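Input: a single structure, listed below in structure tokens.
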Amino acid sequence: MNRFTSFAFFVMAVIAMLAAPTGALAHASLQRASPTAGSTVAAAPTEVVLWFNETLEPSFSGIEVRDAQGAPVHAGKASVDAKQRRQLRMPLKTLPPGTYKVIWRILSVDTHRAQGDFTFRVGP
């Protein structure tokens, strides 16, 4: 009977874990980007703009943009848009044709950290 009791307790614990709400596990995530991740654009963009699903903490959110050799190509600091606090912008230098990597790190106002990267290409 002791084995049966242990097994029943285990089954109940698994059911409780599966039934628990998962909303608290949500984190800020990238919703879209301009230029789009993996895209090829004919004209060099003047900035990178990222949109997230949560409001960002400006002091702890940023973007790096690097060329194929790893050199930075941004022309200033990243900033969270004052009116749309889910939007992060980075001005760029004039970009010649090539592949560029966008690296982002954010902190949402509910203290969730997230990071990621993607590339885009300038040229034909």
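Before moving on, here are some points about what is shown:
- Residue ID - modelled with the highest pLDDT, chosen from residues in region 90-111 that are farther than 18 Å from residue 74 by Cα and surrounded by 15 or more Cβ atoms within 10 Å (Cβ to Cβ): 107
- Counting the residues of region 66-124 that are more than 15 Å from residue 44 (Cβ to Cβ) and either assigned to a loop (DSSP other than H, G, I, E, B) or over 18 Å from the mean Cα position of the chain (by Cα) (or both) gives 17.
Residue-by-condition table, conditions (1) surrounded by 13 or more Cβ atoms within 10 Å (Cβ to Cβ); (2) touching a Lys or Arg at 6+ places or on another chain (Cβ under 7 Å); (3) modelled with pLDDT of 95 or more:
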position: 6; (1), (2), (3): no, no, no
position: 11; (1), (2), (3): no, no, no
position: 19; (1), (2), (3): no, no, no
position: 24; (1), (2), (3): no, no, no
position: 32; (1), (2), (3): no, no, yes
position: 37; (1), (2), (3): yes, no, yes
position: 47; (1), (2), (3): yes, yes, yes
position: 57; (1), (2), (3): yes, no, no
position: 66; (1), (2), (3): yes, yes, yes
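The values are calculated or read from the model by the stated rules, or taken from the named source; none is laboratory data. Just so we're clear, the structure is a prediction, and the values are computed from it rather than from any experiment. Because the Cβ atoms are built from the backbone with ideal geometry, glycine has one as well, and the counts that use them run over all protein chains shown.
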